[in-house]
Amino acid sequence: MGWRDFLLEATLFSRTSAITKNSISDSKRSSTRISSTAVAEAVNGSQQTVAPPPEIRLNVPEKARTVISVCTSGTLCTSSHMEDIQGAPFGSFVDYVLDDKGNPVLLMNEMSMHTVNIQKAGPEGLVTLFAQLGGPTSSTGQASHGQDVSRCSVTGTISKIEPSAEDWDAIRMRYGIAHSYADQVMDSPKFHFYRLTPTRIYYVGGFGVSSEWVPPEEYKLATPDILAKEASSIMEKLNRDHADDLMLTAAQILDVNEIEKVRVTGVDRLGMDMRVTSRVPRRKNKLITDEFRVGFRIPVISVEDAKSEILKVFQESWEKSNGVTWGDDEMPGADVPVLKTAEDSLM
């Protein structure tokens, strides 16, 4: 399926109708376009501050909060108290939900090994919850791609939640909605809710991508991305059905030559991440892989908005490749916010 079919799904204009609308006034067109150039430029030998480029990337606390929010299961690491392996890391697969502050809440059997480890460690004992986008640990329902996905480790203390807690009813309802089996066991005297209070949070963006420690307070204040649960399906569709459009975008918007492969590796409310592999001029046996961020002109608030913004990029890539201009020799895609985020060499 080509991008025209995807276009119809998003109820956008067709390629033909878009080109015939080139008569739209320059003032109307300019009012919806933003600058992606540097924040300062030389004027008569001096520096003049201009409007900053748009924010096109989620900050790290938002990324971390998004991973933990989208995932509903993960690996809980406790310190073993078993003879012969005392103190060794012990991993258990667990389900969880988040409270209003983003703290993971787990429903655990008091006889489970990880619960025993927690009880023996005492109130100051530390645990780590690891969650990764994709696969069985994520509510996206999409298969993971090994290390090439975002993941997050939340380390902190964990304590039992008493029924007198202010958010007790909200936790029960939230857990019951997220995990269908919970209604059958949450009233059992052998099962208890536990809250993990973060002291350290570590975020990894994927294989060979940035990683960073996130202050717990910044994590609590961060907002999960609105596209998080749909991002995997959007990426899958783009990579499966729009290879030609992605190649055209890399060539016309990102100005990459001798392209071998293009893949979308991330989508959120501010833009999409593209991984572009190309051949090195004069060294055809050497490949260069670059990471780019292609920003949306405005933050999106729905999946349909995201489709619209992506298809605008595809549309302008096609227009540029076919010599279409918008008046005053303005080239299509000239103001699409673009950022080169990383580069690597592969033999």
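Things worth noting here:
- Cross-link reach list, lysines versus residue 160, counting only Cα pairs under 26 Å and skipping chain neighbours closer than eight places: 101, 120, 190, 220
- Given their separation in residues at 0.36 nm each and the Cα-Cα distance between them, residue 167 and residue 197 gain 9.3 nm when the chain is fully extended.
- Accessible surface, 1.4 Å probe, highest first, among residues 238, 221: 221, 238
- Computed from backbone phi, the HN-Hα couplings of segment 308-317 come to 4, 5, 5, 5, 5, 5, 4, 4, 6, 5 Hz, rounded to whole numbers (Karplus: 6.51 cos²θ - 1.76 cosθ + 1.60, θ = phi - 60°; Gly and Pro given as x).
- Packing-based ranking of 294-303, 159-168, 60-69, 173-182 yields 60-69, 294-303, 173-182, 159-168, ordered from highest to lowest mean Cβ neighbour count within 10 Å.
- Counting only aspartates and glutamates at least 8 places from residue 63 when in the same chain, those with an alpha carbon closer than 16 Å to its own are 55, 148, 212, 217, 218, 225, 230, 268, 273.
The values are calculated or read from the model by the stated rules, or taken from the named source; none is laboratory data. This one's a predicted model, so the numbers in the text were calculated from it and none came from an experiment. Using ideal geometry, Cβ is built from the backbone for each residue, glycine included, and neighbour counts are taken over all protein chains shown. Side chains included, ligands, DNA and RNA excluded: accessible areas come from the protein's heavy atoms. Shrake-Rupley method; radii C 1.70, N 1.55, O 1.52, S 1.80 Å.
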